[in-house]
1. When the accessible area of the chain is split by element with a 1.4 Å probe, what percent falls to carbon and sulfur?
2. Expressed as a whole number of Å, what is the distance separating the alpha-carbon centroids of region 125-180 and region 82-122?
3. Find the percent of Cα-Cα distances in region 102-193 that exceed 14 Å, and round it to a whole number.
4. Counting Lys and Arg as +1 and Asp and Glu as -1, each charge on the Cβ, what is the dipole of region 1-123 about the Cα centre in debye, to the nearest 20?
5. With θ set to phi - 60°, apply the Karplus curve 6.51 cos²θ - 1.76 cosθ + 1.60 along region 134-140 and write out the HN-Hα couplings as whole Hz, x wherever there is a Gly or Pro.
6. For region 1-75, what is the Kirkwood hydrodynamic radius in Å, using each pair of distinct C-alpha atoms?
7. What is the set of long-range amide H partners of Ile86 at a cut-off below 5 Å, with H atoms built 1.01 Å from backbone N?
8. Rank these residues by their accessible area, most exposed first, probe 1.4 Å: Thr58, Thr40.
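The values are calculated or read from the model by the stated rules, or taken from the named source; none is laboratory data. Just so it is clear, the model here is predicted, and its values are computed rather than measured. Cβ sites come from the backbone with ideal geometry, for glycine too, and all protein chains shown count toward neighbours. Accessible surface areas use protein heavy atoms only, side chains included; no ligands, DNA or RNA. Shrake-Rupley method; radii C 1.70, N 1.55, O 1.52, S 1.80 Å.
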Amino acid sequence: IPLIIKKDIHLIQISTDQVYSGAGPHSEEKVSPLNIYSLTKYMAELVAAKGFSTILRTNYVGKSRKKDKLSLVDWMYESFSKRKQIKLFDDIIFSPLYTYDLCECIDLVIKNPVKGTYNLGSKDSISKAKFALNFAKRLGLSSKNAIVASYKETNSVLQKPSDMSLCINNFENEFKFKLPTIEETLNKVCLDF
């Protein structure tokens, strides 16, 4: 990063919606990392912000191009199509953005470099369970083997934020770009399959 600062190079950092916790939708100023992953992502943001950087906090969804690395939706598709038992959490909320929409936004930032931190996601939010069940329904896949559960009730030692919903007004206003709804995001994701 010091070289980037000295050379005044525009850096685009892809960060995460997991820097937030508590009730959303979250605006960019109210950061509250809950675990090591979110803390390290936020610390990287602080370093990136020293230079001419655009930091994009997001959670993207789409089909993976790597056969050996399944994305969230690849895992859902495989689980539903092979009728595997899976656990879906109805108390983890997010504002996912389709991969190609993320790429379009990155291209927009490259063409219009602005220093700052921006949330980048769907206009609204959805639970991960509801997202998965809607995904299965749209593709005509059975979700009978899915168990809808509460993450809080798993008693996991890993602390995860339950609400990662994003307020995306700053990005839309700065870049004059209309971000999609969850409905539009689901439609695009399903077209991949």
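1. Carbon-and-sulfur percentage of accessible area, whole number: 54.
2. 11
3. Result: 73 percent of Cα pairs exceed 14 Å.
4. Dipole of region 1-123, to the nearest 20 debye: 420 debye.
5. Each residue of region 134-140 in turn: 5, 4, 4, 4, 5, 9, x Hz.
6. 14.1
7. Those lying under 5 Å, H to H, from Ile86 are Ala146, Ile147.
8. On the way: Thr58 5, Thr40 70 Å².
From most accessible down to least: Thr40, Thr58.
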